[in-house]
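A short worksheet on the structure shown next.
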There are 2 protein chains.
Amino acid sequence: MKKEESTIDKLKKSLKEKGISPSIQRLKVYEYMLLHRNHPSVDMIYEGIKDEIPTLSKTTVYNILKLFIKKNLVKAITIEGNELRYDAYTKPHIHFKCIKCGNIYDFEIDDEIYNKKEIDGNKILECNIYLSGICKNCLKNNKNLI
Amino acid sequence: MKKEESTIDKLKKSLKEKGISPSIQRLKVYEYMLLHRNHPSVDMIYEGIKDEIPTLSKTTVYNILKLFIKKNLVKAITIEGNELRYDAYTKPHIHFKCIKCGNIYDFEIDDEIYNKKEIDGNKILECNIYLSGICKNCLKNNKNLI
DNA sequence: ATCATTGCAAACACTTTGCATACGC
DNA sequence: GCGTATGCAAAGTGTTTGCAATGAT
């Protein structure tokens, strides 16, 4: 019990440091993102914590994520199509999405392109690399994939 | 007149080669995409050709793009947020989106990551690189940007 | 005549907005 | 008690679906 309290206290501290007052909703969203590093959608977050906060509304999750983005706590990423996904920001990494199982995996590679500051006179502020293919689990379980 | 006819005929031929029967709507969508290589959204395409085909419906543009994607004539790309953009397929290139003017520019760079076939045992089928920043035009016209 | 294509209207999914209520200091 | 955070309901946006009308061969 003591241990769990201190975990929550750590989260509270992180939020405060970023200038975010730590409501229970905000704490739970943040906790969810740190525990589930699979680039959840708003829906996944909502479904994941609504049992702990029965009055939770999806609007609140939207609000919280917007705030987190503004405060640089998380990043919105666009993996595919029209689903927005969110990523608790740590360091630059590339995303690999398996077209078979839909999971998204992170890889920290140090590609040369990350160091580019400009391209042909255009100022680069951000770089996103997104790979898709078949993850090793799906390759293993399903030999007849290409 | 003769010249224009031959252009249209070329487009017709391209579509036929891909197994697409060349209706006027399909021709115009394809022509638009070849003329405007700025990764148009459905809306941009619709607005761009609706004057030439007054009865055109947005549904038809959606249908046509879905067909083109299935036939590998164009690619759907996810540049940002919730807008789907389309790209007449040629060769692998990276996208640069200007956060100021919203334009998307292509660059053909030969980054090492394109040659990777697998990463940590996962099979790579596709690689998308998307940069954002401020394009040289906006830099020039607006000195007080960061 | 038959089959494919088009295009309207309605349904859908995701996100944002307006506003009243509830909460924390 | 005051200012902020929450959450419902409604509106907005982008896309898909159902289906009847149209067009081509």
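For residue B:13, the criteria (1) open to solvent by 50 Å² or more (accessible area, probe 1.4 Å); (2) assigned to a loop (DSSP other than H, G, I, E, B); (3) within 16 Å of DNA strand D (Cβ to nearest atom) hold in every case but one, which is (2).
Being near DNA strand C (Cβ under 9 Å from one of its atoms) and more than 14 Å from chain A (Cβ to nearest Cβ) is the filter here, so list the residues in region B:51-62 that pass it.
Once the filter is applied, which keeps residues that are near DNA strand C (Cβ under 9 Å from one of its atoms) and more than 14 Å from chain A (Cβ to nearest Cβ), region B:51-62 yields B:53, B:54, B:55, B:56, B:57, B:58, B:59, B:60, B:61.
When residue A:78 is tested against (1) among the polar types (S, T, N, Q); (2) within 29 Å of residue B:122 (Cα to Cα); (3) away from DNA strand C (no atom under 12 Å from the Cβ), only condition (3) is not met. Of the residues making up region A:107-142, those that are in a helix (DSSP H, G or I), facing another protein chain (nearest Cβ under 7 Å) and open to solvent by less than 80 Å² (accessible area, probe 1.4 Å) are A:113, A:139. Flag set for residue A:78, criterion: modelled with pLDDT under 85, closer than 19 Å to residue A:39 by Cβ and within 7 Å of chain B (Cβ to nearest Cβ).
The values are calculated or read from the model by the stated rules, or taken from the named source; none is laboratory data. Since we're looking at a predicted model, the values are computed, not measured. Heads up, the Cβs are rebuilt from the backbone with ideal geometry, glycines too, and the neighbour counts pull from every protein chain shown. Only protein heavy atoms, including side chains, enter the accessible area calculation; ligands, DNA and RNA are left aside. Shrake-Rupley method; radii C 1.70, N 1.55, O 1.52, S 1.80 Å.
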